[in-house]
Amino acid sequence: MRLRAPVKIDDLVRNDHKLLGRSERPNDVEVVRAEGSLVHDARGRTFIDFQMGWCVGNLGWNPHAIMQAVRDFDGPSYVNPSAMYPPWVELAGLLAELVPGRVRRSYRATTGTEAVELALQLAMTFTRRRKLVSIDGAYHGNSFAARSLGAGGVDNLLHGCMKLALPLDHKALDRLETLVKHRDVAAFIMEPIITNLSVVIPDLDFMREIIPLCHQYGTLVIMDEVATGFGRTGALFACEHYDLAPDFICLAKAITSGVAPLAVTITTPDIANETEGELEFYSTFGWHPVAVEAAIATCRFWQRHHDHLIGNAMARSSEFRSRLLRMPWAVEPELRCRGLAIGIGLDDARYVERIRQRCQDEGLLVFAEDDSLVMFPALTLDEHTAREGLDILEHCAHDIR
Ligand SMILES: Cc1ncc(COP(=O)(O)O)c(C=O)c1O
């Protein structure tokens, strides 16, 4: 094993700031090793990780089967996007078997942003419309188009992106209809469980009706499962909770279990055939051979262990749910939990940030998102480690007022 020389923490902090562009200062965890739900830092500290890279490490860090597949790979270091390459077809075939609904044709991408961008472009090309509808405050990536869909009010799209406000209940269907009824909206995009709004769980009544409603006005439906895909919400894909058959599913993050970057936009044969030759799409590293090995290994792992992974996730989910509701929070908590996508609304962003920081000091990694604590533990999290992490959280909730 090749080891890097240790770096002094003060030098690292100074050089990180001098040399890396970031939107905010990093936390002081200098990761050197990770396995399962544990992260070890250069100061010899061990953290229980309930963040898992925001839905990346669903199988735990350094998952043996996936790492081994990458180590064993002795194929080409690169394949030109215009060539044919059997593992691309193998991975697309596996995805077609795993995803719900009617989508079958995979477009190769590298990041979630790119997968969303591609779905938008395909929808615009297919419908010959320009407008889009998204959920107010959502996040779908960091390109100009994705940022127009999301929070922050930047509308970079020439013809506008309209926003559907929460709550997503049966009344929201009328508001959605008002937005799409002029027959000029190419696509409606959302996460089926909205991780990026600190876990919002839309009503069944709403979700069951969006596809027929949108299709009535010729609007396509994009389900962004970049974060929810691969078991996060207690089903392999969150669309399954609602029996959804969208026109596009976007995947990234946990598709390679965090071992390499890879993303995909999957659409229906109709849309793929109709837009072929019309939409030019080129991605230099879209489905790089090493990342493809990691994704194939992840899909095969899911085929073999689906019931066990979902069973474990649901067992942990109910433990989290009952413990979190009983913790001595300073305010009445609003728990939003589906599988292991967990948000706890606590009313006050400063209070939430103090809890996050104290948890980190005591060896637990959680997210603070505005006035909510957010957690995405590994689906492989064992009962003992879950209890230890929840004990830390409870202790912090008790101490911070
Ligand atoms: C729902 C969702 N869509 C898209 C993206 C963008 O993915 P990436 O960071 O891989 O570009 C993210 C990233 O957090 C996401 O959570």
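Looking across segment 332-342, the residues that are touching a strand residue (DSSP E or B) at 6+ places or on another chain (Cβ under 9 Å) and open to solvent by less than 50 Å² (accessible area, probe 1.4 Å) come down to Pro333, Leu335, Arg336, Cys337, Leu340, Ala341, Ile342.
Listed by first and then second residue, the pairs linking a residue in segment 353-369 that is under 15 Å from Gly343 (Cβ atoms) to a residue that is part of a loop (DSSP other than H, G, I, E, B) and open to solvent by 30 Å² or more (accessible area, probe 1.4 Å), with Cβ atoms under 7 Å apart and 6 or more places separating them unless they lie on different chains, are Val366/Gln51; Phe367/Gln51. The set of residues from segment 271-287 being modelled with pLDDT of 95 or more, touching a Phe, Trp or Tyr at 6+ places or on another chain (Cβ under 7 Å) and over 17 Å from Arg128 (Cβ atoms) comprises just one member, Trp287.
Selection over segment 320-329 of residues that are in contact (Cβ under 8 Å) with a residue 24 or more places away in the chain and exposed (fewer than 15 other Cβ atoms within 10 Å of the Cβ) gives a count of 1. Filtered by the rule that a residue be touching a strand residue (DSSP E or B) at 6+ places or on another chain (Cβ under 7 Å) and within 14 Å of the ligand (Cβ to nearest atom), segment 164-201 gives Ile189, Met190, Glu191, Pro192, Ile193, Ile194, Thr195, Ser198, Val199, Val200. Quick one: how many residues across segment 91-131 are open to solvent by 10 Å² or more (accessible area, probe 1.4 Å), over 16 Å from Asp247 (Cα atoms) and either assigned to a loop (DSSP other than H, G, I, E, B) or within 16 Å of the ligand (Cβ to nearest atom) (or both)? Residues that pass the stated criteria total 7.
Taken together, the residues in segment 132-149 that are open to solvent by less than 30 Å² (accessible area, probe 1.4 Å) and either without any contact (Cβ under 8 Å) to a residue 24 or more places away in the chain or of a type in the set (Val, Ile, Thr) (or both) amount to 3. Under 6 Å by Cβ, and 6 or more places apart or on different chains, what pairs join a residue from segment 216-230 that is open to solvent by 10 Å² or more (accessible area, probe 1.4 Å) with one that is near the ligand (Cβ under 10 Å from one of its atoms)? Final answer for the pair search is Val226/Gly112; Val226/Cys250; Val226/Ala252; Val226/Lys253. In the set Glu293, Glu280, Glu276, only one residue is farther than 30 Å from Arg183 by Cα and of a type in the set (Asp, Glu); that residue is Glu293. When Pro6, Pro76, Pro86, Pro81 are screened for being touching a Lys or Arg at 6+ places or on another chain (Cβ under 8 Å) and farther than 30 Å from Asp382 by Cα, only Pro81 passes.
With the condition kept exactly as written, say whether any residue in segment 225-234 is within 16 Å of the ligand (Cβ to nearest atom), part of a loop (DSSP other than H, G, I, E, B) and basic (Lys, Arg). Yes. When we screen Ala397, Ala291 for residues that are farther than 30 Å from Thr111 by Cβ, open to solvent by less than 10 Å² (accessible area, probe 1.4 Å) and not β-branched (Val, Ile, Thr), the only hit is Ala397.
Every condition in (1) within 16 Å of the ligand (Cβ to nearest atom); (2) farther than 24 Å from Asn62 by Cβ; (3) in a loop (DSSP other than H, G, I, E, B); (4) aliphatic (A, V, I, L, M) is met by Val259 except one, and the failing one is (2).
In the set Leu213, Leu157, which member is without any contact (Cβ under 8 Å) to a residue 60 or more places away in the chain, assigned to a loop (DSSP other than H, G, I, E, B) and open to solvent by less than 40 Å² (accessible area, probe 1.4 Å)?
Going through Leu213, Leu157 in turn, the sole match is Leu157.
Can you say whether Thr298 is within 16 Å of the ligand (Cβ to nearest atom), in a helix (DSSP H, G or I) and either outside the structural domain of His241 (by TED's automatic domain parsing) or under 16 Å from Glu97 (Cα atoms) (or both), as far as the supplied structure shows? For Thr298, the condition - within 16 Å of the ligand (Cβ to nearest atom), in a helix (DSSP H, G or I) and either outside the structural domain of His241 (by TED's automatic domain parsing) or under 16 Å from Glu97 (Cα atoms) (or both) - is met.
The values are calculated or read from the model by the stated rules, or taken from the named source; none is laboratory data. Just so it is clear, the structure is predicted and the values come from calculations on it, not from any experiment. No Cβ is skipped: glycine too gets one built from the backbone with ideal geometry, and neighbour counts run over all protein chains shown. Ligands, DNA and RNA are excluded from the accessible area calculation, which covers all protein heavy atoms including side chains. Shrake-Rupley method; radii C 1.70, N 1.55, O 1.52, S 1.80 Å.
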